[in-house]
Amino acid sequence: MKETADSQEQAANTCTALRMTLGAGMDKFVNPDSHGEYVELVWHGQFGLEDSKLNLLDVDWLVECTNHFNTAQEFDAAGDAFLLLSNLKDIKQEFIVPFLNNSPRLPTLRHCTLHAACWAIDINLPCDSSFAQAVLTAISPPIQCGHSSSDLFANAICLLKLTDWPKYDLLFLEGSLLIDIQHLTFLVLLSPSLDNPVEFYQYCHALIHFMNLAMITDTPSLDVPVSLWTMLSQALLTMVPSEFDPLDDFYFCLIFTLASCPIWLPHLVKDGHIRRCIDIIPVFCDQPPSSFFYLCGIFLHTQVTYGQQSTLLITPSQWWDLTRMAWHVTGHWDHNNSSDSDVLDDSDCVDILEALVTTMKSHIPQDISKNDLEFLHGGLGDTICKLEVQDVPSKAIIDAIIDAITELKRSFEPTS
């Protein structure tokens, strides 16, 4: 766009044309001059621009518009051109980086460049490191972390844990779908080394979250490379040390979460995780208490898909030890430690309680001691109390536990 006597008019006309093109991107009337409606255009507009239908002159013109208006600091127009350009799947990561680096202070351009970043990623190829850092840096202001690699990772994990935009995020990403930004964050976030089990554990949970969400919602845009499934499954085997320590609970929690997903379970069976968990049972007494619950859950999920023959190596006495301790875990809460996690906060854990009741009842020894009976009653009763105060208590689960308590009293407690 050369400087001429009427360049200002040409620029104005170009701005108008770009804005009118964007206005046609929704199947309803929208006002692109409204910030909220513009953001809706960014993330949900359908502009019908496919690289197979555009010649190189069209693409070059959009690139020239984007660069010209960005240099002229006419960022609304630059954003319009960038938004149209971002719908072309051959947009390059290196082209987006300078705009990402300048976008955090410019809300409109920031939305457009992050949307463009989504199109520039091939999930089966690693992202350019400068591109990945630019994306994470552009996303980071809502959480207000620094921009070192460790701070960017911590910020990304904070973002991935959100269920809604925080109320203090008023300047930047308001109006965008949180799940879109979370997915973009995950795709550019490098997996941490196994030498750092805490960060690796956090990354695994983020990965599991998105794989499950993509399956549950049947959302192709949330897909991740299938190669990561085997990589993660095999890498997790290295998290089981020869001598147990408090980090062992991380492994069992992760395997439990993975086993709840039917797509993941075959990988766990094939790579030996289920057999590893069975082999751990005889030396299990020194494990963190919640591990009892997670092991039960792993085996119960395995039985749903592969039948009871998949856990034949577990003896009746081992099942009894695992299930009675699992009820102790569900009923326990450390009132002196507010940071202590509760397995019943996880819906996947609540979902297996009915199966846990059935398994426990089938493995109660006929010669159960009075102490064991009282211990089991306490865990079951405390679990009911906790379920009853949940936002959405499950009547079927509570009724199943009450029936188990009644049956225990009738079968094992002496009558007067």
Subject >> Single condition Leu88 does not satisfy, out of (1) at pLDDT 80 or above; (2) in contact with an Asp or Glu (Cβ under 9 Å, 6 or more places away or on another chain) >> reply: (1)
Original post:
List the pairs whose first member sits in the stretch 365-384 and is assigned to a loop (DSSP other than H, G, I, E, B), whose second member is open to solvent by 20 Å² or more (accessible area, probe 1.4 Å) and modelled with pLDDT under 90, and whose Cβ atoms are under 7 Å apart, counting only residues at least 6 apart or on separate chains?
Top reply: Ile368/Phe412
**OP:** Read through the list (1) modelled with pLDDT of 75 or more; (2) open to solvent by 10 Å² or more (accessible area, probe 1.4 Å), then give the number of the only condition that Leu162 fails.
**Re:** (1)
Subject >> Complete set of residues in the stretch 277-308 that are open to solvent by 40 Å² or more (accessible area, probe 1.4 Å), over 19 Å from Trp264 (Cα atoms) and free of Cβ contacts under 8 Å to residues at least 40 places away in the same chain >> reply: Asp279, Pro282, Val283, Cys285
Original post:
When Gln390 is evaluated against the numbered criteria (1) of a type outside the set (Asp, Glu); (2) assigned to a loop (DSSP other than H, G, I, E, B); (3) open to solvent by less than 40 Å² (accessible area, probe 1.4 Å), which criterion, by number, is the only one it fails?
Top reply: (3)
Subject >> Qualifying residue in the stretch 341-355 (condition: at pLDDT 90 or above, open to solvent by 20 Å² or more (accessible area, probe 1.4 Å) and not in a loop (DSSP other than H, G, I, E, B)) >> reply: yes
**OP:** Counting only residues that are at pLDDT 70 or above, give me the helices (runs of 4 or more DSSP H) lying completely in the stretch 192-279 with at least 2 of them.
**Re:** 197-217, 248-259, 265-270
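A quick yes/no check of all residues on (1) more than 23 Å from the chain's Cα centre (by Cα); (2) assigned to a helix (DSSP H, G or I); (3) at pLDDT below 85; (4) not aromatic (Phe, Trp, Tyr):
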| residue | (1), (2), (3), (4) |
| --- | --- |
| Pro104 | yes, yes, yes, yes |
| Ala117 | no, yes, no, yes |
| Pro126 | no, no, yes, yes |
| Val135 | no, yes, no, yes |
| Ile143 | no, no, yes, yes |
| Gly146 | no, no, yes, yes |
| Asp151 | no, yes, yes, yes |
| Ile157 | no, yes, yes, yes |
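The values are calculated or read from the model by the stated rules, or taken from the named source; none is laboratory data. Everything numeric here is computed off the predicted structure, so don't read it as measured data. For neighbour counting, all protein chains shown are included, and Cβ atoms are generated from backbone atoms with ideal geometry for every residue, glycine included. Quick note on the areas: whole protein, heavy atoms, side chains included, nothing else; ligands and nucleic acids left out. Shrake-Rupley method; radii C 1.70, N 1.55, O 1.52, S 1.80 Å.
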